[in-house]
Amino acid sequence: MKPLQKLFDRYEPYFTGSGKYKRLEPLFDATKTFFFLPSPKIRIVPFIRDHLDLKRYMSFVLIALLPVLVFGTYNTGFQSGLAAGVNNGILDSLLIGAGYVLPIILVSYGVGFFWEILFAVIRKHKISEGFLVTGMLFPLTLPPTIPLWQVALGISFGVVIGKEVFGGTGRNILNPALTARAFLFFSYPVSMSGNIWVATKTTVDGISSATALAITGMEGESITNALTRSGFSLSDLFLGFVPGSIGETSALCCLLGALFLMITRIGNFRIILGGIAGLFITAILFYFIPGGKESWANAGPLYHLSAGGFLFGISFMATDPVSAPGTNPGRWAFGFLIGFLTVTIRVVNPAFVEGTMLAILFMNVFAPLLDHGVIKYKTSKRIPNV
Amino acid sequence: MEKIKVSKGFTPRLAGMPDYSLIALPYPDTIGVSAMDIPYIRPKLLVRENDRVKTGSPLFRDKRDKSIQYVSPGTGTVTKILFGERRRLQEVVIKLDKADEFIQFDPVQESGPESSLKSGTKYTIDNIPGEDLVSRLKQGGLWQCLRQFPAKDTADSSHTPAMIIVSLNGNDIFSPHPGLLLEKERPAFEFGLEMLKRFSKRIIVTARETSLKRLETIKTHISHLVPDTYPAWDPGVVLYHLKKNKEENSSWCIGADHLVMMAKFLLTGKFPIEKIVTVTKSGDQKPHLLVRQGIPVKTLAGTLPGDSLITTGRFNGRIANGDSHLGFFENTLNIINTHTDEELFGFIRPGIDKPTVSHTFLSSLFKSPVQVDGTLHGEIRACINCSYCENICPNDLMPNFIMKALHSDEIEDALEYGLLDCCKCGLCSYACPAKIELTQILSNGMDSHYKDKA
């Protein structure tokens, strides 16, 4: 510890005051505070403060993402093996998967941090920890075959247009990681939607395979049968042994992360539970609407929950406190409506097989309105004091 | 005895609770009258350096209401008058003579000024006519014990408050125990309550649940019990939970120790020169102290390492400089350590010894008292809307939204969201993970609104 501290102390003059590299102070500061948590003396009431700070707050989201990340890496390798006709072991799958996933994550963090530092230097503020989460969430929403230049482009759009133009972390109206994904989704639909490419070594482009949500039953065949026939049994969907975006396939791992976020209260349980409730109720309603036996309308809540990116989105994207409502009733409504919209888009809108991303972005826009309504109601209940 | 339900707040698990015993300290050589703990005052000095003062002679008064004056709690010579930034009066320092010479007012007590108050005797306020009472309290330098909401400024004597809240517990978690404050003062306390009935029809007396078992003698006077979560006993919180209409917003409040002082002044005709204080320090259990008003902070705190912070309330007091003196409204000193090494990877340590209201440290699994320090534990960031402040605010405010309204100069919105219900307890700043000075922002917003209006 001491040598490291000395190292920082030695180079500090270069980056602060009138030092040679003082423009890069945010970068130096971010590196230093990553190792040594600053704790300045308090001169303003109250004179004691809680130990939780934003570094820890954001790091906890990364911890919650660990199962998803590890499984996503494994599954990428596993699916790659399947496509090539071999059954890879756990270690092999992880190594092959890491070969696809790590570069995406590195590009995401590298390019994203470039923008963060640039804005921090120009605006002369410190680098915010929010990007730690964005830079990890974004790669996990991408298919493993995504070209790296698209990753760079996407994260640039997400950080600059999704966040920094609004004033940086805390002031953005949309979730930056989802903004980045939406940008790629609409700009490069071939690499992003419909048929997700399974990463393989054998061919350059990989082979295509429909995601579960793109499947419909043949005439007279129920959707669940069609899914099972195509290799999407409910248990595979729940556990995640299906092709798809890196982080979204395993409902189980997402639930583990969600549980961790709810227990530590970093993610608001109202959003997650409200979302799952919204999805269940909407899926059941569609289930009882007659007809459409072969479409996702008839899939029932469990399939809707396990397939696609809903659990990933509701656990990690929707719980982003900045773009979600800041009032508790607002959070319930926000979560519920995301669940409702996700199923509705999946079932009713033939243009999009997956609705989670659009549902969350749409509700992000409406979060301030939900807050406004709740605050108006709450203040009307107060005894006025003016 | 009713119970007030306060669902939010901070459950104290702090180390350093004072011991339930009382030690009298010898009188100091010099005392000081501080102007730093007086709200909104614009002081006008009435003495100069080297003037002689008696116990009870006025030292300065408030320019806003010239009848309110602050008096010397001792007899001696004014040695120093200290000013701070922009020549704001800080303190009047007095070197004490051997014996006190009081400015004598008419006592209520029949048996002469010298004898002490007899327990079991009922004293009556009826001897003092209405007009006389207020002016006598103002001349005696004790009217300012009464405070008026919403800003907790000195009470306006022309106003009839809807209720007066008497708080048995002080501002800090470890303020002096009301059992010790009132043990020997029952007649004065009862006389004080009689006196308050002159000003308002409704007198509320509140105590913390845990204080109750040492309050047998005055139990019958307690009208409301509050839970032991900070700051449920703050009169601002009590008012918020009791009020039913707009008129009650301008209620008054008073601390039990100040009520006793007022009563003793009326009964004996002399300015009360002693009070009970606590000095708390993490990991140390100190007794309650009976001290002289205006005692030097140094005498109470002793010599401390340079990186200690001395405050008069860890959540809502002020920083007491080692050379300053304890103010009239202050009765506790907290000694807080501010020395911390910057920890390697501090942001991801399990934190078994790091107190938090969140659930992100292992310490949240244990219930034993913890040490706290006076550092920020992080850096200031933008608000991320996490609602930690809302979840802890005892008065159901949304400090994050009020802060944003104040930042955009939407004072009407801030007021509508309940800004003036803020009791300045400090918990929003305490809990904020983005380390935003919410308490200061809200408090400044409230003060500027109040000053504009006045």
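Read the figures in this text as sums done on the coordinates, not as results from a lab. Not measured: the values here are computed from a predicted model. Here the Cβ positions follow ideal geometry from the backbone for every residue, glycine too, while neighbour counts run over all protein chains shown.
Taking only the Cα atoms of the protein assembly as shown, the radius of gyration and Dmax are 32.5, 109 Å. Isolated cysteines of the protein assembly as shown, defined as having no other cysteine beta carbon under 4.7 Å away, are A:C253, A:C254, B:C145, B:C253, B:C383, B:C386, B:C393, B:C422, B:C423, B:C425, B:C432. Within the range B:378-453, the percentage of alpha carbon pairs spaced more than 19 angstrom apart rounds to 26%.
Prolate is the label for the range A:137-197, because a/c, from the alpha-carbon gyration tensor with a ≥ b ≥ c as root eigenvalues, is 1.5 or above and a/b exceeds b/c.
With n ≥ 4 as the cut-off for DSSP H runs, can you work out [θ] at 222 nm for chain B, using -39500 (n - 2.57) per run divided by the number of residues, rounded to the nearest 500?
-5500 deg cm²/dmol
For the range B:301-343, rounded, prolate or oblate, judged on the Cα gyration tensor with a ≥ b ≥ c (square roots of eigenvalues), a/c < 1.5 rounded, else prolate if a/b > b/c? Oblate, since a/c reaches 1.5 and b/c is not below a/b.
Take the Cα of A:I281, go 7 Å toward its beta carbon, and the backbone nitrogen atoms of the range A:330-373 under 13 Å from that spot belong to A:332-341.
Need one word for the range B:1-68: rounded, prolate or oblate. Basis is the Cα gyration tensor (sqrt eigenvalues a ≥ b ≥ c); a/c below 1.5 gives rounded, then a/b vs b/c decides. In terms of gyration-tensor shape, oblate. Considering only B:A431, B:A263, B:L96, and ranking their Cα positions along the charge dipole of chain B that arises from unit charges at the beta-carbon of Lys, Arg, Asp and Glu, the one farthest toward the positive end is B:A263. Of all complete DSSP H helices in chain A, those with a Cα span along the helix axis of 30 Å or greater and a mean Kyte-Doolittle hydropathy of -0.5 or more are A:54-84, A:90-123, A:356-381. Taking the DSSP beta bridges in the protein assembly as shown as the whole, what percent of them are antiparallel, to the nearest 5? Among the beta bridges of the protein assembly as shown, antiparallel pairing accounts for roughly 65 percent. Dividing the C-alpha radius of gyration of the range A:1-49 by 2.2 N^0.38 Å, with N its residue count, gives 1.37.
Convex hull of alpha carbon positions in chain B: directionally averaged projected area 21.6 nm². Computed over chain A, the Cα gyration tensor eigenvalues convert (square root of 5λ each) into semi-axes of 38, 28, 17 Å, ordered from largest to smallest. Taking a straight Cα-Cα cut-off under 21 Å and skipping sequence neighbours fewer than 8 places away in the same chain, the lysines within cross-link reach of B:K213 are B:K3, B:K5, B:K184, B:K286.
Residues with beta-carbon under 15 Å from that of B:D409, excluding B:D409: net charge, scoring Lys, Arg +1 and Asp, Glu -1? Charge balance in the 15 Å sphere: -4. Residue pairs exceeding 28 angstrom between C-alpha atoms, taken from B:K63/B:K298; A:K376/B:K197; A:K381/B:K404: B:K63/B:K298; A:K376/B:K197. Charges were assigned to the Cβ only: +1 to each Lys and Arg, -1 to each Asp and Glu. The resulting dipole of the protein assembly as shown about its Cα centre is roughly 1200 debye. Dipole size of chain B about its Cα centre, with +1 on Lys/Arg Cβ and -1 on Asp/Glu Cβ: approximately 600 debye, rounded to the nearest 20. Extending 7 Å from the Cα toward the beta-carbon at both B:K453 and B:L46 defines two label points whose distance is 2.9 nm. When the Cα positions of A:F232, A:Y100, A:I314 are compared along the charge dipole of the range A:54-375, A:I314 comes out farthest toward the positive end, with charges on each C-beta of Lys, Arg, Asp and Glu.
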